[in-house]
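Structure first, commentary second.
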Amino acid sequence: MFDLSLAANWVFLLFAVVALLGGGTVVLSRNLIHAALGLVATLSSSAALFLILGAEFVAWVIIMVYVGAVIVLFLFGIMITRAPIGREVSLDNERRGMAAGTALVLFATLAWASVSAFGDVELTGIGEPTSTDTIAEALFGRFVLPFEIVSFVLLAALIGGIVLARRDATPDEGNPV
């Protein structure tokens, strides 16, 4: 079922273990920054697993959208709101074990469902993966204008959020800028 003589299986195992450890860090960490970095590790490993599968477009979308945008915005929001970066005792949740247990049960359920559905069936006759050029042409050929409009709307929302969150006191309010 899992032939350890193949190098691809070792690479898969490496990225799968990194994804599991990163997910555990997200769930169990008491530090917000460490949890975000664990999420980066998990998402990056997921992208690497998609690259192994030949789905390069999905892998790069995960890297650009989730790691490159969502995590950066998450960290940016922490810094803008001046949230405590270190371990905050008042924010500790004593139910971390319950969260880890729920994650473990979900993982076991998904693993069991995958193995029972596919077993050790070899996937053959799938053909070549669809190239990124083909997907990009289909996606952005017709929808390039709406895509650009949405990107400008999101940029305006980001700038507006920064302006609202960073409203500093003016000098006439008694606090020097």
Practice task
Give me the distance in nm between label points sitting 7 Å out from Cα along the Cα-to-Cβ direction at Phe74 and Leu139, one decimal.
Solution key: 2.1 nm
Fill in the blank from the handout: Counting only protein heavy atoms and leaving out ligands, DNA and RNA, the solvent-accessible surface of Phe147 at a 1.4 Å probe, in Å² to the nearest 10, equals 100 Å²
Fill in the blank from the handout: Simple spin-label estimate for Ala111/Leu155, 7 Å along Cα→Cβ, in nm, reads 4.6 nm
Completion exercise
Reported to the nearest 10 Å², Trp10 has, with a 1.4 Å probe, an accessible area equal to 130 Å²
Handout entry: In nm, spacing of pseudo-spin labels at Ala165 and Thr102 (7 Å Cα→C-beta vector)
Key = 2.5 nm
Handout entry: Per-pair calculated FRET efficiency, R0 = 30 Å: Ala8 and Met64 via Cβ, rounded to 0.05
Key = 0.75
Practice task
At a 1.4 Å probe radius, which order do Ser45, Ser5, Ser116 fall into by accessible area, largest first?
Solution key: Ser5, Ser116, Ser45
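The values are calculated or read from the model by the stated rules, or taken from the named source; none is laboratory data. Given the structure is predicted, the values throughout are model-derived calculations rather than measurements. Note that we place each Cβ from the backbone using ideal geometry, even for glycine, and neighbour counts take in every protein chain shown. Side chains included, ligands, DNA and RNA excluded: accessible areas come from the protein's heavy atoms. Shrake-Rupley method; radii C 1.70, N 1.55, O 1.52, S 1.80 Å.
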